[in-house]
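What follows draws every value from the coordinates through simple rules; no lab data is involved. Keep in mind the model is a prediction, meaning the values are calculated, not measured. Please note: Cβ atoms are built from the backbone with ideal geometry, for glycine as well, and neighbour counts cover all protein chains shown.
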């Protein structure tokens, strides 16, 4: 039996709309919970931990540890602040992905749910699809976090400091310019309809899990190609600009879900370029000569 065979008797046609509604509801609830976490960490109180001290019974002997042990205490070591910051940033990125990227991926999840409807484990395959999609975005997040840590290390080693407003302005202008590229248009078309990915990867030649992984991974790459520049803005500004994240989330969802979504691409590009230029240049005009 191939993956495209008719549904088994236990998967009645009447149950499919209920399953689809449950899928949509579950996705919205997960995204809402992720937004709640981002809201709770919004503002200065959610950032800037300088380091953590963790107690441990085993530690490479050293003068400080020996002195501490002589007084009957436990040994302690300090986690490097950069490592802590990187872990926190990657965790925040994960919540951003669930909040901002999972709802627009509903066409993929609904397609996978239909493809797997004749199997005894359709929900497992649907969850596997969502995990594959989120995992691909987490790889991008790890690259961004590593790059950010590298830039910070160079800055602390004596490299000339760069005004953060210039960095933000450059990111906005770059993201705006990307909206006009053929790659953005190609990836957006793929995001709006998973059909081409189904035809390419759902062929019954491998296990269902392997084909769902390939299908969802290919769709995720298309989604990344469509939205990476807009997500980079969110990574740059962080939850300190939560309203901007909400606005970008609405734009990315509309681009991919509503019938007229592709009409938003160019206006968004122009708006981002204008905001980037204003962010980078207006403070310079205000500074004294």
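Considering only Cα atoms, the convex hull volume of the range 86-142 works out to 66 Å³ per residue. Histogrammed with a bin width of 5 Å, the alpha carbon distances of the range 93-228 distribute as 2, 10, 16, 18, 17, 12, 9, 7, 5, 3, 2, 0, 0 percent, first bin at zero.
Using the Stokes-Einstein relation with a Kirkwood hydrodynamic radius computed over Cα pairs, the translational diffusion coefficient of the range 160-289 at 4 °C and a viscosity of 1.567 mPa s comes to 79 µm²/s.
Label-to-label distance for residue 151 and residue 271 is 2.4 nm, based on points extended 7 Å past Cα in the beta-carbon direction.
Per residue, the convex hull spanned by the Cα atoms of the range 190-247 measures out at 87 cubic angstrom.
By the count of other C-beta atoms within 10 Å, a proxy for reagent exposure, 166, 93 are ordered fewest to most as 166, 93.
On the basis of the beta-carbon distance and an R0 of 35 Å, residue 263 and residue 28 show a calculated FRET efficiency of 0.90. In plain terms, the residue of 23, 108, 90, 154 with the fewest other Cβ atoms within 10 Å comes first and the most crowded comes last, giving 154, 90, 23, 108. Projected onto its three principal axes, the C-alpha set of the range 219-259 covers 29, 21, 11 Å, listed from the longest axis down.
Packing order of peptides 199-209, 267-277, 109-119, highest average first: 109-119, 267-277, 199-209 (average count of other Cβ atoms within 10 Å over each peptide's residues). Hydrodynamic analysis of the range 115-186 uses the Kirkwood radius over alpha carbon pairs. Inserted into Stokes-Einstein at 10 °C and 1.306 mPa s, it gives a translational diffusion coefficient of 98 µm²/s.
Cβ-to-Cβ counts within 10 Å put 19, 163 in ascending order as 163, 19, the fewest first.
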